[in-house]
Every structure is written in structure tokens, then in C-alpha cells.
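Input: a single structure, listed below in C-alpha cells.
Read-outs throughout are calculated quantities, based only on the coordinates presented, and are distinct from any laboratory measurement. What you are looking at is a predicted structure, and each value in this text was computed from that prediction instead of being measured. Cβ coordinates were reconstructed from backbone atoms using ideal geometry, including for glycine residues, and neighbour counts include every protein chain displayed.
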Amino acid sequence: MLWACLYFPELPLDAVRPPDCAREAAAVLVDGPVRHPRVAMVNRAARLAGIRSGQSLAAARALHADVPGWRRDVEAERHLLTALADTAYRFSNEVSLAPPRALLVEVGASLGLFGGWAALERRLRADFDGWALRYRLAVAPVAAGARVLANCRDGITLLEKSQLINVLSCFSVENCGLERRTSSSLSAMGLDRLGQVFALPRAELSRRIGPAALLHLDRMRGLVGEALASYQPPTRYQRRIEFDYRIDRVEALLFPLQRMLRDLGRFLVTRDGGVQSFELILEHERQATTRITVGLLEAQRDANLLLELARTRLERVTLVAPVQALNVIADDLPTLRPLHEDLFDTAPRGTMEWPMLVERLRARLGDEAVCRFLEVADHRPHRAWRLCPLDRDPSRLAALPAQRKSAGEHTGTRPPRPLWLLRKAIPLRSTPLHILAGPERIESGWWDGDDQRHDYYIVQTREGQRAWAYVASGEIGNWMLQGWFA
């Protein structure tokens with residue numbers, strides 16, 4: 001087996017960083033009393049400004065006036081590490097969480113699929129670079145050894161156990177994952193390097209550091225096996241962001257929403273699926289909520305499209321009160337089945353696909369404003385069609401333009417029908433100038449009380465329009481307008 005370890009040294013800070021705070025800016029985590037907090041962790045920019053762990057927050061702000069001090073959020077750390085595991089799951093089905101800051105990925109079985117470690121490393125780094133997080137990547141045949149390597153240096157790749165032991169021997173005792181008290185005790189005895197510790201007799205070493213620390217040293221060298229819990233992606237997506245201040249404008253919600261839907265897109269790629277519907281929940285003061293359902297006709301996973309549809313629906317909402325938290329929940333996660341296209345596609349480039357156009361219209365106008373047109377087996381024009389809601393069958397949705405075209409074509413078995421049919425016939429304003437086709441007699445409805453005996457004509461009005469109109473059977477006069485031709 002070959003294990004890759006991804007170590008994120010600033011993950012606790014990244015987990016609580018507000019969406020509008022740049023990752024390059026100095027920041028610190030604090031703990032201790034609320035009135036006198038102390039610095040518990042610093043990022044690189046804060047360290048360059050001279051801020052160190054253990055200082056008071058007041059002392060840190062004396063060195064850097066604008067440095068923010070955030071409290072640690074273990075739940076946010078867990079969520080971020082899980083989201084990173086979803087990304088790693090694209091490359092291997094053996095992913096293990098190593099909280100609070102690391103992931104372990106078994107890549108040995110994936111080398112043949114991706115064309116060797118060099119190609120796989122490029123793919124891994126390309127995906128994790130998109131997170132804009134600091135991380136270190138190391139590879140070793142032992143999971144615990146890979147974690148020690150990643151904790152110390154980026155880019156180390158060891159394929160043999162003998163190489164791993166030789167390299168570990170050069171590392172400092174302080175950076176090998178032992179408890180601080182144990183590493184300090186070894187350093188006090190003059191044992192600064194792991195090679196010096198490995199050279200001690202086991203009985204003497206166990207007496208000095210204890211069996212738990214000895215087991216850790218054995219695991220990092222591969223002398224003792226380690227059972228790792230495999231990570232399994234969740235079956236639903238749920239993300240919540242609580243704001244430090246109240247938001248009273250919909251536009252201000254778009255930036256955090258973009259970040260959340262980008263995470264949703266990565267989650268869907270990991271599952272190799274799509275989302276059929278998701279819900280935005282706006283939390284207001286006094287436990288009031290606003291729920292916005294974004295339903296799609298076919299499963300999608302493109303984050304930009306999801307953001308566009310969510311933004312369009314969000315802009316139609318009037319906030320009843322300032323928003324203090326935003327939730328995104330997605331339970332309807334079917335398998336993604338892309339629509340197949342012809343090999344020689346004759347559609348003009350730059351045009352919008354039919355399903356995408358329908359989605360945008362529904363988001364802009366509302367679900368009830370966009371319907372399907374269905375033909376009904378009835379000769380009477382006002383009963384020969386009806387509107388119904390759009391279904392969620394992608395194949396039927398894709399076929400709608402073709403069905404509409406075939407329904408409007410003249411097949412020879414039935415005279416042509418106008419594109420625009422009136423729900424109820426109205427008197428034609430003036431006598432037609434020309435009769436272009438007809439008559440077509442429609443006589444039906446004697447069994448349901450809506451008896452009809454009309455002669456239909458295609459006529460041209462004095463304004464040059466083509467109309468479909470009728471008169472009573474056997475008469476010419478009292479024209480009634482039934483529809484217009486394009």
C-alpha cells in the first residue's frame with residue numbers, strides 16, 4: 001500500500017475565517033477568558049508580524065493593529081476536513097480522516113488508473129490548490145509515517161520502507177507526533193533525532209517513554225499495523241454559515257452562498273451524481289426562518305448554474321427581517337445522467353440548451369409560469385390541448401422542442417393548426433379579405449353537452465394577418481376567431 005498524507009497546518013483558522021476575510025491576511029485563534037484572551041494559534045502572516053502563541057490578544061494587536069482574534073470552532077473544523085475528504089475521495093475509495101488537520105489517502109491502487117504517482121500528484125494538487133488553503137503533501141508506504149513526513153515538509157515521496165526509516169531517523173523528535181511532555185523528556189536526555197531514539201533497546205525505550213509512545217514509534221516505521229476508519233461520503237449535503245453581523249440585503253448573501261454552492265458542487269462530483277432540488281433557509285432573529293426551494297427539472301452539479309438559479313429565486317424574496325445565518329440543504333441527490341447529443345451537432349454555437357433555458361425561465365418567472373403544452377384526443381379546438389406542470393424526466397424535457405415542431409407541422413392527415421389558440425373564440429373584428437383554405441368541418445361533442453358544428457377556414461384579414469376562424473355549418477358570416485398563425 002502507498003499512503004498520501006495531506007496536512008493542513010492552518011485548518012482551525014481556515015474553518016472559522018469569515019467569507020469576506022482574505023486568507024493572506026494576518027489572523028489568530030484565541031482561548032482563555034473572554035476579557036483577557038490569549039493567542040492559541042497564528043497563521044503565517046501573523047507570525048511574520050511577530051505574533052507568537054501564548055501572547056495576549058492585546059500584545060498581538062500592539063504588533064498588528066488589525067489582526068482579528070477568533071475562537072476555535074471544533075464543529076466547523078470537522079465540516080471543513082470532511083469537505084476536503086470529499087475532494088480526496090475522487091482519487092481513492094480508501095480515505096481516512098486524521099483530525100484535526102490531516103487526511104490519509106491510499107493511492108497505491110490508483111497509480112495505474114492515473115498513470116503513475118507523478119500524474120496523480122498533479123491531479124491532487126490541482127484540486128486542492130482550488131481550495132486556496134495551505135497544505136503539505138507527503139507519500140510513504142506506511143500511513144503513520146506519511147503523516148509524520150507531511151507534518152515536517154512538503155513534497156516528500158518514499159516508496160520503500162527502508163527509505164522511510166532512513167528519512168525518519170533524520171527528523172526531530174519534536175515533530176514526530178509524540179506528546180509534548182514525551183518529546184521534551186527525550187530532548188532533555190540528549191535524544192534530539194528519531195534515529196537516536198530508534199537505536200535504544202526496546203525495553204529501555206518503553207521504560208522511558210511508556211508503551212503508548214513506543215507504539216506510535218513502531219507504527220510510523222511500519223513495525224505494527226494500524227487500523228484506520230474508512231471515510232464514506234454522506235448521503236445528503238447540509239451546510240450552515242452564521243454571520244457575525246445581521247444582513248438586511250439579499251445581495252450581501254450572494255458571496256457566502258457562492259462559497260457554499262461551490263462546496264456542494266465538489267460534493268456532487270465526489271458522489272458522481274447531481275442534485276434535483278435543494279433548499280435555502282434564511283434564519284432571522286426570534287427563530288423566524290425563510291425557506292426557498294430551488295427545484296430542477298434534471299439533475300445538475302455545475303456550481304455556476306446552481307448559483308445562478310439560486311440567485312434568481314433569492315432576488316424575488318423580500319426579507320422579513322435581517323438574516324443571521326444561511327443554510328443550504330440538499331436531500332434529493334439522484335444519479336447524474338447527462339443528455340446525449342448527436343455526434344455531428346448542427347446547432348449554432350453559443351445558443352443555450354433547451355433544459356437550461358427552461359430552468360432559467362422557471363427561476364425568473366416562477367415554477368407555475370412555465371408549463372408543458374399537451375395535446376388531448378378531442379377534435380374540438382378549445383378542448384384539444386391543455387397545460388400541465390413540467391415533469392422531471394430529462395428525456396421528455398429534451399424532446400419537448402421536437403414534439404412541439406411535429407405537432408405544428410402539416411402531415412397531410414389533418415389541416416394545419418395555428419400556433420396561438422385562444423382559450424375561447426371571440427368575434428372577428430371585420431369580414432376576412434381572403435379565404436386561404438377551408439372549409440374544414442368539425443362536428444363533435446353531442447355526448448357531453450358541448451355540441452359543436454362549425455366550418456373552419458384559414459383567412460387573411462384586412463391587416464394582413466392569417467387567422468383561423470369559423471362560422472356555423474353551411475353559412476358564411478358571423479365569423480368567430482379561434483387562433484392566429486405566426
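For the stretch 72-79, putting each phi into the Karplus relation 6.51 cos²θ - 1.76 cosθ + 1.60 with θ = phi - 60° gives couplings of 5, 10, 5, 5, 5, 4, 4, 5 Hz, in residue order, rounded to whole numbers and with x for Gly and Pro. Residues whose amide H falls under 5 Å from that of TYR456, counting only those 5 or more places apart or on a different chain, are GLU440, ARG441, ILE442, with hydrogens built in the peptide plane. For the stretch 411-484, the relative contact order is 34 percent, taking Cα pairs closer than 8 Å that sit 6 or more residues apart in sequence and dividing their mean separation by the residue count. Around the Cα centre of the stretch 237-332, unit charges on the Cβ atoms of Lys, Arg, Asp and Glu (plus for the first two, minus for the last two) sum to a dipole of about 100 debye.
The share of alpha-carbon pairs in the stretch 237-332 lying farther apart than 19 Å comes to 35%.
Summing Lys, Arg as +1 and Asp, Glu as -1, what charge do residues with Cβ under 12 Å from the Cβ of TYR89 carry, TYR89 excluded? Local net charge: -2.
Normalising the average separation of contacting C-alpha pairs (under 8 angstrom, six or more residues apart) by the number of residues puts the relative contact order of the stretch 155-214 at 31 percent.
Applying the Karplus relation 6.51 cos²θ - 1.76 cosθ + 1.60 with θ = phi - 60° to the stretch 53-69 yields 3J(HN,Hα) values of 4, x, 6, 6, 4, 5, 5, 5, 6, 6, 7, 9, 4, 9, 5, x, x Hz, where x marks Gly and Pro. Could you compute the FRET efficiency for MET1 and LEU113, with r as their C-beta to C-beta distance and R0 at 22 Å, rounded to 0.05? The pair MET1/LEU113 has a calculated efficiency of 0.90. Peptide packing for 122-128, 112-118 was compared via the average number of neighbouring C-beta atoms within 10 Å per residue; ordered from the highest value, the list is 122-128, 112-118. So if R0 is 35 Å, what FRET efficiency would GLU285 and GLU179 give, r being the distance between their Cβ atoms, rounded to the nearest 0.05? Result of the calculation: an efficiency of 0.20.
In order along the stretch 259-275, the Karplus-derived 3J(HN,Hα) couplings, from 6.51 cos²θ - 1.76 cosθ + 1.60 at θ = phi - 60°, round to 5, 5, 6, 5, 5, 4, x, 5, 4, 5, 4, 4, 7, 6, x, x, 10 Hz, and Gly and Pro are given as x.
The modelled label-to-label distance for the pair ILE435/GLU204, using points 7 Å beyond Cα in the direction of Cβ, is 11.9 nm. With the gyration tensor restricted to C-alpha atoms of the stretch 411-484, the semi-axes of the equivalent ellipsoid amount to 20, 14, 12 Å, longest first. Relative contact order, whole percent, for the stretch 74-114 stands at 33, derived from Cα pairs under 8 Å and 6 or more residues apart. Placing one identical point scatterer on every Cα of the stretch 31-80 and ignoring solvent, what is log10 I(q)/I(0) from the Debye formula at q = 0.21, 0.27 Å⁻¹? Normalising to I(0) and taking log10 leaves -0.73, -1.03. Annotation: extensible slack from GLU475 through ALA126 equals 117.9 nm (criterion: 0.36 nm per residue apart, minus Cα-Cα distance).
Residue-normalised convex hull volume from the C-alpha trace of the stretch 203-280: 177 Å³ per residue.
Ordering GLY116, CYS152, TRP131 by Cα displacement along the dipole of the stretch 104-170 toward the positive end leaves CYS152 in first place; charges were set at the Cβ atoms of Lys, Arg (+1) and Asp, Glu (-1). For ASN43, the residues 5 or more places off, or on other chains, whose built amide H falls under 5 Å of its own are ALA27. One chain, two ends: LEU361 and ASP31. Fully extended at 0.36 nm per residue, the span grows by 113.8 nm beyond their Cα-Cα distance. Less than 5 angstrom separates the built amide H of LEU2 from those of VAL107, GLY108, ALA109, all sequence-distant by 5 or more or on a different chain.
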